[in-house]
Amino acid sequence: MTNHHKVIIIGTGPAGLTAALYTGRANLQPLVFEGIQPGGQLTITTEVENFPGFPDGVLGPELMDLFRKQAERFNAKTIFQDVTKVDFSKKPFHIYSNDEKYTADGVIVATGASAKWLGLNSEKEYTGFGVSACATCDAFFFKGLEVVVIGGGDTAMEEANFLTKFASKVTIIHRRDKFRASKIMVDRTMKNPKMSFMLDSEVVEILGKSENGRKSVIGVKVKNVKNGSVSTLRTDGFFVGIGHQPNTKIFEGQLDLDANGYIMTKPGRTATNIPGVFAAGDVADSVYRQAITAAGTGCMAAIEVERYLEAQHG
């Protein structure tokens with residue numbers, strides 16, 4: 001079998017590339033499918049200041065490039081192809097990239113999760129330049145500034161409350177007249193003196209400027225969904241808090257997923273319901289969603305797949 005590998009890692013980012021580093025050092029010669037967004041969500045993050053070992057911060061794409069080089073040093077092979085289908089019902093496991101078939105004795109799934117966006121063109125234009133979907137990643141950059149948060153669920157409330165530790169003012173914009181979030185989260189948010197609210201409203205455009213080649217957000221156009229009036233709100237930052245979507249569609253019916261589509265793993269481990277298949281990073285983590293925790297579970301998955309293969313083949 002020319003396309004057979006001891007370990008195939010589906011996905012990239014801190015989880016997949018850490019798993020590649022560890023399995024590479026264990027002489028398992030892993031093959032990593034990096035997909036169409038090599039480096040995962042960090043490639044759309046301009047600066048990362050909370051990854052240990054980089055006291056001056058590091059650009060997201062640069063950090064992922066360093067991860068990749070380190071993994072490749074230990075004979076991990078990375079290819080920029082998507083996995084389009086998997087069959088975990090037979091061994092070795094079958095993995096397909098379009099019409100090409102690959103097989104593996106062990107698999108690590110690290111396909112991550114994608115932030116849900118509003119779908120505005122201006123949102124894409126300013127992502128990483130004032131537009132973010134992760135308050136814990138980027139709140140620090142908005143010290144003393146005014147920001148808006150989009151959403152009405154627990155995600156939006158958590159993001160907004162966290163942002164008040166840094167921002168001078170946080171405005172939650174929600175298209176309905178009441179929030180979907182849990183009562184305790186709504187109460188906490190309402191009591192926060194830094195918070196203000198625009199209900200029955202939706203953002204139709206993000207306004208920005210470019211100075212010396214550097215883009216930044218300066219405001220939003222907001223439409224009242226009841227009377228159709230449009231107003232402009234000045235803001236320095238735009239946070240989307242409408243949740244994340246794990247990238248697990250191709251695993252439906254094969255791996256156990258929770259109600260939100262995240263891969264379910266055994267408590268304290270990365271093992272899935274299929275022996276020999278492990279899950280690491282945001283694809284199995286709806287709680288922390290940080291580069292450092294993803295890297296940690298990538299390490300765990302690598303150690304677990306190594307032990308699994310040892311038990312199988314001695």
Residue separation between Glu205 and Ile303 times 0.36 nm, minus their alpha-carbon distance, gives in nm 30.6 nm
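Listed highest first by mean packing, meaning other Cβ atoms within 10 Å per residue, what order do 194-200, 14-20 come in?
Numbers: 194-200: 16.1, 14-20: 33.1.
Going by the mean number of other Cβ atoms within 10 Å, highest first, we get 14-20, 194-200.
Of the peptides 277-285, 22-30, how do they stack up when ordered by the mean number of other Cβ atoms within 10 Å, highest first?
Values: 277-285: 29.4, 22-30: 20.6.
Those peptides, ordered most packed to least, come out 277-285, 22-30.
Given an 8 Å cut-off on Cα distances and at least 6 residues of separation, report the relative contact order of the stretch 157-314 as a percent.
Details: 210 pairs, mean separation 19.0, N = 158.
Computed value for the stretch 157-314: 12 percent relative contact order.
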Straight-line reach check, Lys178, cutoff 26 Å on alpha carbons, 8 or more apart in-chain or any other chain, hits among lysines -> Lys116, Lys165, Lys169, Lys191, Lys194, Lys221, Lys223, Lys226
In debye to the nearest 20, the charge dipole size for the stretch 13-146, taken about the Cα centre with +1 at each Lys and Arg Cβ and -1 at each Asp and Glu Cβ, equals 600
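Would you please put 78-87, 61-70, 148-157 in order of how densely packed they are, using the mean number of other Cβ atoms within 10 angstrom per residue and starting with the highest?
Working: 78-87: 14.9, 61-70: 18.2, 148-157: 24.0.
Result, highest mean Cβ count within 10 Å first: 148-157, 61-70, 78-87.
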Computed, not fitted: 222 nm per-residue ellipticity of the chain from DSSP H runs ≥ 4 (each -39500 (n - 2.57)), nearest 500, equal to -7500 deg cm²/dmol
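Below 8 Å, C-alpha to C-alpha, sequence gap of six or more: please give me the relative contact order for the chain in percent.
21
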Rounded to whole angstrom, the alpha-carbon centroid of the stretch 11-86 lies from that of the stretch 123-142 at a distance of 21
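About the Cα centre, and with charges only on the beta carbon of Lys, Arg (+1) and Asp, Glu (-1), how big is the dipole of the chain? Nearest 20 debye, please.
Working: 35 positive and 34 negative charges, 121 e Å.
Value, rounded to 20: 580 debye.
In whole percent, what relative contact order does the stretch 28-152 give with Cα contacts below 8 Å and a gap of six or more residues?
Working: 123 pairs, mean separation 27.4, N = 125.
Computed over the stretch 28-152, the figure is 22 percent.
Every read-out reported here was derived from the displayed coordinates using simple, explicitly stated rules and does not represent laboratory data. Since the structure is predicted, the reported quantities are computational estimates derived from the model, not experimental observations. Backbone-built Cβ (ideal geometry, glycine too); neighbour counts: all protein chains shown.
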